[in-house]
Amino acid sequence: MPTTPRALPAVELDVAWRDFRRHLQAERQVSPYTLRNYLQAGLEFAAWHRQARGEAPSWPDVSRQTFREYLRWLSRARLDAATVALRFSALRAFYHWMQRQGALVSSPVRGIALPRRKRKLPRFLSEAQMVDLLAAPVRELQQRLRDEVPVPRSEQLACVRDVAVLELFYTAGLRIGELCALKVEQLDLAQRLARVRGKGRKEREVPLGQPAVDALQTYWRLAGHSQDPADPVFWNDAGGKTPLAPRSVQRRLKVYLALARLDPALTPHKLRHSFATHLLDRGADLRSVQELLGHAQLATTQVYTHVSLERLKRVYQAAHPRA
């Protein structure tokens, strides 16, 4: 038997998982990332079952013992606890959907004890580092102009756009998918508010800081943005109305992190971590930060209190004469 998930034979989605995919897309309207992860989990288990049992799984008939064997196989493959939990989260959602369809009475994955997850404190930028990052697009453009390096208008507009992108990330604590999906009609710049559609298509209102509003208006003015309600807030290029793609944001963020002499491996999600941590550091209450982030559970937000506590401990250790 293959020792790692990558070594499993390729399989295709069966009828049950194709129906589940339609449910995820049409009814739950999950993000593309959640959809990808859930389907990958189903494909992986089906491939493992075919390898271990010699046949494709009959989903209503798969036993709890079989899932325990699968869990042991994942453990032998040395996947971390978070990755294993993601696999079983997808399988639980699939079986919950099957129960609702009347295909089975109880879920075979319910109650299976998973490895304890080590909670990692999220990485974030300090306030000073965040200031350096926000200034990086303009600094790069100004340097090229001072060096009399020809800068095409499209690249100038991209830098101006990226200032607005970074400001909006930081002012509103958005997920990358939320930012790229934003439409003009979701912004009220006069009231400095954004209406964001998050996970599960849940909407929340988020305040916008004045620097973000100014950066956005500058970008729209220079780009000749039509500002039709259905327009994307950010265009991928200056000439069309193709929305900015997450991959483009990730790629350009790496450039600006390097310019600011920060770790280029940091992801856009770390800007969201920075947003939450800085709010708590400056006295925001946990429940308000939960609402701003769009977390369904307060426990998800509580990790940021640990981040702030660790920072306070470091300050104490460095400053107190009897620490």
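No lab work stands behind these numbers, since they all come straight from the coordinates. From a predicted model like this one, the values you see are computed outputs, not experimental measurements. Glycine gets a Cβ as well: all are built from the backbone with ideal geometry, and neighbour counts include every protein chain shown.
Peptide packing for 203-212, 267-276, 99-108 was compared via the average number of neighbouring C-beta atoms within 10 Å per residue; ordered from the highest value, the list is 267-276, 203-212, 99-108.
Can you list the GluC sites (Glu not before Pro) in the range 83-152 that are in a DSSP coil and have 10 or fewer other beta carbons within 10 angstrom? Hits after loop and neighbour filter: GLU148.
Return one number: the angle in degrees, 0 to 90 and rounded to the nearest 10, between the long axis of the Cα atoms of helix 81-100 and the longest principal axis of the Cα atoms of the chain. Computed tilt is about 70 degrees. Looking at the range 43-83, the GluC sites (Glu not before Pro) that sit in a DSSP loop and have at most 14 other Cβ atoms within 10 Å of their own Cβ are GLU55.
With +1 assigned to the C-beta of every Lys and Arg and -1 to the C-beta of every Asp and Glu, and no other charges, what is the dipole magnitude of the chain about the Cα centre in debye, to the nearest 20?
Numbers: 52 positive and 31 negative charges, 279 e Å.
Dipole size: approximately 1340 debye.
Angle of helix 127-146 to the longest C-alpha principal axis of the chain, folded into 0 to 90 degrees and rounded to 10: 60°. Are there trypsin sites (Lys or Arg not before Pro) in the range 53-84 that DSSP puts in a loop and that have at most 14 other Cβ atoms within 10 Å, and which ones? Those that pass, being in a loop and sparsely packed, are ARG78. Which parts of the range 57-78 would a label at ASP19 reach, counting a residue when its backbone N lies under 20 Å from a point 7 Å out along Cα-to-Cβ? Output list for this probe position: 57-63.
The label point for ALA52 and the one for ARG68, both projected 7 Å from the Cα toward the Cβ, are 1.2 nm apart.
How many angstrom lie between the Cα centre of the range 74-103 and the Cα centre of the range 1-55? One Cα centre to the other: 10 Å. Roughly what angle does helix 32-53 make with the longest principal axis of the chain, taking Cα atoms, 0 to 90 degrees, to the nearest 10? Computed tilt is about 30 degrees.
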